[in-house]
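One structure is given here, and the rest of the page talks about it.
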Amino acid sequence: MTVNILAIESSCDETSASVISDGKVLNNIIATQSVHEKYGGVVPELASRAHQQHLIPVVNEALSQSGISKEQLSAVGFTRGPGLMGALLVGGSFAKSFAFALDLPLIEVNHMEAHVLAHFIEDPMPSFPFICLTVSGGHTQLVLVTDYLEMKVIGETLDDAVGEAFDKTAKLLGLPYPGGPFMDKLAQQGNPKAFDFPISSMKELNFSFSGIKTAVLYFLRERLQEDAEFVEKRKADICASVQYTLIQMLLIKLKKAADQYGIKEIAIAGGVSANKGLRDALSLLSGNLGWNTYIPRLEYCTDNAAMIAMAAHFKYQKGLFCPLDISPLAKMKIGIHE
Ligand code: KG4
Ligand code: ZN
């Protein structure tokens, strides 16, 4: 019998639903919340309300586009965490009610594991073991992946996520939120060596991205005293230089992890893996080091329910269902499946 799963993602500011049939993702419907733009960051309460508004239309669209009726579903998957508690509650409560009403098994999914499993939505797929650098607005992790549901964090940020570093720098430059994609665009016209920013190095395979925001703040203050037009005149160079520094920090640790574990199968995931500078730098490094690198398509890099569906599919195959009284988790470790 065909296994059809409806999956829901609501951990942050994207409301998304996807239908997967025997491991093949049929669609990936995403409603992005523009309400946060004017606040320069995600407002949790507004995110919950927007999920509440978008969820049913998004689920209806995913089901009708897939041609699979509610009665033909085999299970419901949803993001349990990590994420914003209110946002997770909206998606989780919907998934539970839906599963209860249709008497379907429920599958909880860890959002960070799902970012890694986005690599199995379509070819080319990495082979095990591989290392995945997951870079998003909330996380920066190096993950050792030995099987679909066997993974462990071998390095992570001790403060800000790299996406936050992009977004906070962009804010200092007066760019809209989220600033990462705007910095990426501007950086393509700038000189990455125009200005030097410090590369912070943490012990072992860990990262730190909070220092760069302060470094950029002081740098801009000093330059703006000399020339009030400095940011306007040199925006592309500033973006390119900050981006270059952030990419170096990521790649130094990625290389260290690959060497330490003797692994040449390298993947990147999460919103920041959409960054052109990172993609190009990684391709170059891979060529030099003989790595096989895997970068998902853009729509599977940023938050989406297709990756939740993929994770739910692997959990379904192992019979990993959860009870209806399960609660969301704002913080959630990866690789633990009882
Ligand atoms: O994975 P994601 O969609 O959501 C989280 O789970 O956080 O990642 C969002 C982050 C934001 O910080 C955004 O600025 C960043 O990914 N981002 C980028 C690019 N596209 C998205 N950062 C740099 N360059 C990009 N092209
Ligand atoms: Zn994410």
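With a ≥ b ≥ c the root eigenvalues of the C-alpha gyration tensor of the stretch 266-318, is it rounded (a/c under 1.5), prolate (a/b larger than b/c) or oblate? Walk me through the numbers before you get to the answer.
Working: a/c = 4.77, a/b = 1.79, b/c = 2.66.
Oblate, since a/c reaches 1.5 and b/c is not below a/b.
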Determine the dipole magnitude for the chain: charges of +1 sit on the beta-carbon of Lys and Arg, -1 on that of Asp and Glu, nothing else is charged, the reference point is the Cα centre, and the result goes in debye to the nearest 20. 420
In terms of modelled amide H atoms, which long-range or inter-chain residues lie less than 5 Å from the amide H of MET202? SER208
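Looking at the calculated P(r) for the chain, what percent of the C-alpha pair distances fall above 35 Å? Working shown, then result.
Numbers: 13013 of 56953 pairs.
The share of Cα pairs beyond 35 Å in the chain comes to 23 percent.
Classify the stretch 231-307 as rounded, prolate or oblate, taking a ≥ b ≥ c as the square roots of the eigenvalues of its Cα gyration tensor: rounded when a/c is under 1.5, otherwise prolate if a/b is larger than b/c and oblate if not. Each step should come with its number before you reach the end.
Working: a/c = 2.41, a/b = 1.29, b/c = 1.87.
Oblate, because a/c is 1.5 or more while a/b does not exceed b/c.
Could you grab the relative contact order for the chain? Cα pairs under 8 Å, six or more apart, rounded to a whole percent. Walk me through the numbers on the way to the answer.
On the way: 719 pairs, mean separation 83.9, N = 338.
This gives 25 percent for the chain.
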Rounded, prolate or oblate: which one fits the stretch 1-92, using the alpha carbon gyration tensor with axes a ≥ b ≥ c (rounded when a/c is under 1.5, else prolate when a/b beats b/c, else oblate)? prolate
Taking the alpha-carbon distance from LYS96 and a cut-off under 20 Å, which aspartates and glutamates remain once sequence neighbours fewer than 8 residues away in the same chain are dropped? GLU9, GLU14, GLU61, GLU71, GLU108, ASP325, GLU338
Please list, in order, the residues from the stretch 42-77 whose amide nitrogen is less than 12 Å from a point placed 7 Å along the Cα→Cβ vector of VAL35. 43-55
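If we count other beta carbons within 10 Å of each Cβ, what is the order of ASP184, ASP237, fewest first? Can you show the working numbers first?
Values: ASP184 21, ASP237 18.
Fewest-to-most ranking of ASP184, ASP237: ASP237, ASP184.
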Just LEU289, LEU217, LEU63 to compare: in a GNM of the chain, with alpha carbon springs under 10 Å, which one fluctuates most? LEU289
Dipole of the chain, positive direction: furthest Cα of LEU224, CYS239, ILE20, with charges on the beta-carbon: LEU224
One finds, for SER210 and LEU102 with R0 = 35 angstrom and r their Cβ-Cβ distance, a FRET efficiency to the nearest 0.05 of 0.15
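Using the structure shown, list the pairs from LYS171/LYS255; LYS253/LYS315; LYS193/LYS213; LYS264/LYS318; LYS256/LYS315 with a Cα-Cα distance above 20 Å, or answer none.
Details: LYS171/LYS255 30 Å; LYS253/LYS315 30 Å; LYS193/LYS213 18 Å; LYS264/LYS318 28 Å; LYS256/LYS315 31 Å.
Beyond 20 Å between Cα atoms: LYS171/LYS255; LYS253/LYS315; LYS264/LYS318; LYS256/LYS315.
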Output needed for the stretch 125-296: three equivalent-ellipsoid semi-axes, defined as square roots of 5 times the C-alpha gyration tensor eigenvalues, in descending order, whole Å. 30, 15, 14
Least to most buried among ASP303, ASP123, ASP160 (fewest other Cβ within 10 Å first): ASP123, ASP160, ASP303
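Here, each number is a calculation from the coordinates, and none is a lab measurement. Just so we're clear, the structure is a prediction, and the values are computed from it rather than from any experiment. Virtual Cβ from ideal backbone geometry, glycine too; neighbours counted across all protein chains shown.
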